[in-house]
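Here's the structure we're looking at; comments come further down.
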Amino acid sequence: QAINRQLAADHLMNVVSSARIQELPDANAAESIGRLPGVSITRYGGEGTKVVIRGLEPKYNVVTVDGVRMASSNAADRSTDLSMISPNILESIEVSKTVMADQDADVLGGTVNFKLREAQGGKEGLGLELLAQGGYTGLSNAYNKNRNHKFVASVEGRFFDERLGLFVQANVERRNLTSNELSAAYDPDQQNSTTNNYSTREIDLRDYPRDRQRLNGTIALDYRLPEGKISLINFLGSGTTEEQNRQEGIIVGGALTTGFNRRTYSLVFAKSEVNMITNTLKIDQQLPLVHVGATLSHTYSETKNPDDWSVNFLSTDAGINQLRFGNNLDPRIVVKESNADPVRSKLNTLTNNHRFGKERALMAALDLDFPLNLSPMITSTVK
C-alpha cells in the first residue's frame, strides 16, 4: 500500500509503512526517516533529533502529525525535535520533497507527515499487546550500564459492527547514552608551511555521562460513517535528558594561538525537558457534489532547562612548553607529557543558566474538493 501511494503521488514523495518501521529497532521517529533518499538527520547523544531534507537544515522543513503542523521545540527557530516520537505509535511516514498548491508555501526543504495508528479492523472486541526490551551499555566506565529499557502497552478494538474504533498506547523508555570523546585541532607547520607537517594546537578529552527518559502516549477514537469518518486523535510526548560534560583541554600552541602551555578543566551539568501535545478532531464526509474535510487542532510544545550550571578551572602551566613547536605529535604523547596538578589550577568561570521556551498553535480548517472531468482522457480535481 505504501509503495502504491508513493507511485501514484503527483509530486516527489516517499512513504514508509508501519510494517517497515517495525522491522528495525529504531530509537525514535527521526531514525526511521533517516534511511530515506535525500534525507539525513542531526544527532544529539548518538540519537537522531531533527530532519535535514535535500541538504536544508531543520528550520526550513515542516513536521506535521496527521496533517497538523507541530509546534516548534526550539526557541530560536521553528525546528521540531523528533526524538520525542516513538516509532510504535506510527501508521506511516510521508516525506514530501516538493510543495504543492494545497500545502503551506513556507517550506523550502520538505514536509514530514506522521500518520498515527488507529484501531485495526477485521475483528470485534479488544486486543492487548505488550512489548518489553532491555539493553546494555558496553562503555567501560559508564554508570548504570543496565539502565536501558523500553516498555510499550497497547489496547485496541472495534465495536458496533467495526464502526467505532479505539486505540490507546503508552510508551516508557530509558536509555544510557554515556560517551567518551577525543578532539584535536591542528595548524600547518609553523616553520615551513610548504611541507605536509602539522603542529598540534589543542587537545580535548570529554566524558559525557548522559541519561535520557521518554514517555509517549496516544489515544485515537474514530467512527466510520457510510460516506466518511470522524476521528479524534491525541498525542503526548515528554522527554528528559540529564547529562554532565567533564572536559580536560590541553592547549599546546600552534600558529594561531598565543596562550600556549595551558590546561583547562570544566564540568557542565544540564537537564533539559521537552514536552509536546497535539489534539486533532477531523471530519471527512463525501456529499453528493463535494468532498468535505473539516479540522480543529491544538498543538503545544515547551522546552525547559531549569537549572544548568558550569564551572571552569585554568592552569597556566601544563608543563608542555617543549612541545610547542613539535611536528606531527601523537595526541597520546601530549596527554602523557602534560601535568594534571590541581594545585596549579585556579577557578576561572562559574555560570548558571535558566531557559524556557514554548509555542502554542490553534487551527481550524475547512477543505472542499470535487472532481472536474473534461473528458475520459482529461480528469482534474478542484480544491
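The values are calculated or read from the model by the stated rules, or taken from the named source; none is laboratory data. In this text the structure is predicted, and so the values were computed from the model without any measurement. All Cβ positions, glycine included, derive from the backbone under ideal geometry; neighbour counts span all protein chains shown. Surface accessibility is based on the protein's heavy atoms, side chains included, excluding ligands, DNA and RNA. Shrake-Rupley method; radii C 1.70, N 1.55, O 1.52, S 1.80 Å.
Observations on the model:
- Residue in region 334-346 that is assigned to a strand (DSSP E or B) and at pLDDT 80 or above present: yes
- Only strands (runs of 3 or more DSSP E) whose full extent lies in region 110-218 are considered here, and the ones with at least 3 residues that are hydrophobic (A, V, I, L, M, F, W, C) and closer than 30 Å to L232 by Cα are 111-116, 125-134, 149-159, 164-176.
Yes/no per residue for (1) over 24 Å from S73 (Cβ atoms); (2) open to solvent by 30 Å² or more (accessible area, probe 1.4 Å):
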residue	(1), (2)
Y265	yes, yes
F269	no, yes
S272	no, yes
N275	no, yes
L287	yes, yes
S297	no, no
N305	no, no
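- Within region 1-45, the set of residues being open to solvent by 60 Å² or more (accessible area, probe 1.4 Å) and closer than 29 Å to D77 by Cα comprises L12, R35, P37, R43, Y44.
- Residue check for D211: surrounded by fewer than 19 Cβ atoms within 10 Å (Cβ to Cβ), among the charged types (D, E, K, R) and in contact (Cβ under 8 Å) with a residue 60 or more places away in the chain: no
- Failed criterion for F114 (all others in (1) open to solvent by less than 70 Å² (accessible area, probe 1.4 Å); (2) aromatic (F, W, Y); (3) farther than 15 Å from V63 by Cβ hold): (3)
- Filter pass, P188 being closer than 30 Å to R332 by Cβ and surrounded by fewer than 18 Cβ atoms within 10 Å (Cβ to Cβ): yes
- Filtered residues of region 68-87 (kept if touching a residue at least 24 places away in the same chain (Cβ under 8 Å) and more than 16 Å from N234 (Cβ to Cβ)): R69, S72, S73, N74, A75, S79, T80, D81, L82, S83, P87
- Applying the condition of being hydrophobic (A, V, I, L, M, F, W, C) and surrounded by fewer than 24 Cβ atoms within 10 Å (Cβ to Cβ) to region 69-88 and asking which residue is nearest to I219 (Cα to Cα) yields A71.
- Of all residues in region 169-202 being among the acidic types (D, E) and within 24 Å of the chain's Cα centre (by Cα), the one that is nearest to R246 (Cα to Cα): E181
- So L267, is it among the aliphatic types (A, V, I, L, M), assigned to a strand (DSSP E or B) and within 29 Å of S154 (Cβ to Cβ): no
- The one condition in (1) over 30 Å from S73 (Cβ atoms); (2) assigned to a strand (DSSP E or B); (3) in contact with an Asp or Glu (Cβ under 8 Å, 6 or more places away or on another chain); (4) not basic (K, R) that F356 fails to fulfil: (1)
- Flag for G319 being among the small types (G, A, S), outside any strand (DSSP E or B) and farther than 24 Å from T178 by Cβ: yes
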